[in-house]
């Protein structure tokens, strides 16, 4: 994992994103934000499980489905299974040590 400050590569409204093996962040101070970095590390693990390219295809497909479902871009983003897992577990800093494979599948259905 490599943390890179890339202010102009991060889309407006976001602070960072994971693109294996990199975590791109908008602001230097987020390097020391353990919860933020853990959120992005969860995405790196998800990407590895889906051999990277399949992750991005699935991510986009699910985003489009959620956009139709919610008719709101922010809600669609927050309800992508990958994001739901990452947001739910970002404060558990040891989560990746005990995380099962394909754990994001538990977040596909909305409860």
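With each label modelled as a point 7 angstrom along the Cα→C-beta vector, the residue 32-residue 88 pair spans 3.2 nm. Each peptide in 62-75, 84-97 gets a packing score, the mean of other Cβ atoms within 10 Å over its residues, and the list from highest to lowest is 84-97, 62-75. Between residue 12 and residue 48, the distance separating the two model label sites (each 7 Å from Cα on the Cα→Cβ line) works out to 3.6 nm.
Please give the calculated 222 nm ellipticity per residue for the chain, where each DSSP H segment of at least 4 residues contributes -39500 (n - 2.57) and the sum is spread over every residue; nearest 500 deg cm²/dmol? Working shown, then result.
Numbers: 5 runs with 53 residues, N = 111.
So the calculated ellipticity at 222 nm is -14500 deg cm²/dmol.
Would you calculate the convex hull of the Cα atoms in the chain and tell me its volume per residue in Å³? Working shown, then result.
Details: hull volume 11.3 nm³, N = 111.
With only Cα atoms used, the chain gives 102 Å³ per residue.
Stretching the chain fully between residue 74 and residue 102 yields a gain of 7.7 nm (0.36 nm per residue, less the alpha carbon separation).
Rule-based calculations on the coordinates, nothing more; no lab input. Everything numeric in this text was worked out from a predicted model, so none of it was measured. Note that we place each Cβ from the backbone using ideal geometry, even for glycine, and neighbour counts take in every protein chain shown.
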